[in-house]
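For reference, the structure discussed in these notes is given below.
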Amino acid sequence: DVATVGLRLRTPNDIVEAVPYLVGFQPEDSMVVLALSGVRSRLGMTARIDLAAPRLAGACARDFADLLERDHADRAIVVFYPPSEGLQHPAVLALADAMADELGAVDIEISELLRVFDGRWWSVTCCNPECCPAEGTPVPHDTESACAVAMLVEGRVVLGSREELASTLDPVGGVLRSAMAYALPRARAAVADRVAAGGGAEVVAESLDLFYEAIDDATRADRSVEEIARLIAGLDHGYARDDVISWSTDERGEAIRTVLLELALVTMMRRSKA
């Protein structure tokens, strides 16, 4: 059983139903990882990434193993959402193997590994055809189910895509977009130079201080271009990034998610200009 928002996720069907609520949109071409801890399997970090190329599977899995350790996870649930080629997509196969290896190396058990494709789901860890038939199980879409009701009570909704989630935020455009295209490379270069000169620890501490200040006023709308650029540049350093992400599971979670969504949107808009 997985305990989350006053709800117990007892079966793979429950997990597949809950994941879109946990990430905020319907995942596509994605891997979603849920961290579990304690004897009651409390849900900790929930993280989603685009499917990595097979050659990057090992590095991706090592990053997740580190994140799960930092979140004090004992177990993890991994859910794949492959694109074309379905269950045999090479990225899914490579990542599944790499996650098993890297999480096993740090004594984190994969308690469930699921693949969701074309409206159906399959469990890799369950071999019982009565609950996990070879042809897959239809993905639940009951908007009045216990899971859906519990998630909605918590204020969680499911949007159609990551792009739709981004569109719910104020778009970054015009002069600000142009200014960010100039400011962000400068901020990243300055941070990289300081790290190369041996100031990595100082950069991490400074970045964390800036994020502390940002989440104290997460809804602020008047951040300067330079401030936003420095926050984004701080995430380039693995130690700072991992610490900031770990905050999403404690009392600062809502505030840090607000700040990270703002920064993600800025980055996406800058890339769309390129």
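Extending 7 Å from the Cα toward the beta-carbon at both VAL139 and ARG10 defines two label points whose distance is 2.4 nm.
Potential lengthening of the chain between ASP243 and THR258 amounts to 3.8 nm, from the contour at 0.36 nm per residue minus the alpha-carbon distance.
Coupling constants for region 238-245 follow from the phi torsions by the Karplus curve (6.51 cos²θ - 1.76 cosθ + 1.60, θ = phi - 60°), and in residue order they are x, 5, 5, 4, 5, 4, 4, 4 Hz; glycine and proline get x. In this simple spin-label model, placing a label point 7 Å from the Cα along the Cα-to-Cβ direction at both GLU202 and SER111 gives a separation of 4.5 nm. Note on region 37-86: with neighbouring protein chains present and a 1.4 Å probe, carbon and sulfur make up 49 percent of its accessible heavy-atom surface.
When you restrict to C-alpha pairs under 8 Å that are six or more residues apart and normalise by the size of region 29-140, the relative contact order lands at 25 percent. Amide H contacts for PHE25 (H built 1.01 Å from N in the peptide plane; partners 5 or more residues away or on another chain; cut-off under 5 Å): LEU159.
The relative contact order of region 77-130, computed from alpha carbon pairs under 8 Å that lie at least 6 residues apart in sequence, is 41 percent. Listed values for region 96-101 are Karplus-derived 3J(HN,Hα) couplings in whole Hz (6.51 cos²θ - 1.76 cosθ + 1.60, θ = phi - 60°), namely 4, 5, 5, 5, 4, 5, and x replaces Gly and Pro. Between ALA181 and CYS126, the distance separating the two model label sites (each 7 Å from Cα on the Cα→Cβ line) works out to 5.0 nm. Each peptide among 126-134, 252-260, 225-233, 192-200 gets the average number of other Cβ atoms lying within 10 Å of its residues, and from highest to lowest they stand as 225-233, 252-260, 192-200, 126-134.
The values are calculated or read from the model by the stated rules, or taken from the named source; none is laboratory data. Since the model is a prediction, treat every value here as computed from it, not as a measurement. In this analysis, Cβ positions are derived from the backbone assuming ideal geometry, glycine residues included, and neighbour counts consider all displayed protein chains. What goes into the accessible areas is simple: the full protein's heavy atoms, side chains included, and nothing from ligands, DNA or RNA. Shrake-Rupley method; radii C 1.70, N 1.55, O 1.52, S 1.80 Å.
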